[in-house]
Amino acid sequence: MKIRFALFALAGLLAFSACDSTAKKDAKATEAEKPKGKYYCTMHPDITSDKPATCSKCGMELAERDTTAK
């Protein structure tokens with residue numbers, strides 16, 4: 001009975017630590033995927049610029065990105 005409890009406790013601890021490290025990896029991946037430009041095309045988010053401009057694919061004016069922290 002004590003061995004079974006110890007195994008369940010160990011399994012729970014391993015599952016919890018695995019979930020925690022996955023969340024950290026996902027946060028780092030999301031942070032790395034963020035475009036760097038202050039302005040972006042709403043139709044083509046991969047097109048960015050540090051200053052107001054037009055999209056090279058569709059010609060739309062680039063929209064200002066919301067830079068407030070969430």
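The values are calculated or read from the model by the stated rules, or taken from the named source; none is laboratory data. Given the structure is predicted, the values throughout are model-derived calculations rather than measurements. Positions of Cβ are backbone-derived with ideal geometry, glycine not excepted, and every protein chain shown enters the neighbour counts.
Points to keep in mind about this one:
- When Ala29, Ala9 are screened for being at pLDDT below 95, small (Gly, Ala, Ser) and exposed (fewer than 10 other Cβ atoms within 10 Å of the Cβ), only Ala29 passes.
- Take the conditions (1) at pLDDT below 80; (2) of a type in the set (Lys, Arg); (3) under 20 Å from Arg65 (Cα atoms); Lys38 misses just one of them, which is (1).
- The residue of the range 47-70 that is surrounded by the fewest Cβ atoms within 10 Å (Cβ to Cβ), among those that are among the acidic types (Asp, Glu) and in a loop (DSSP other than H, G, I, E, B), is Asp66.
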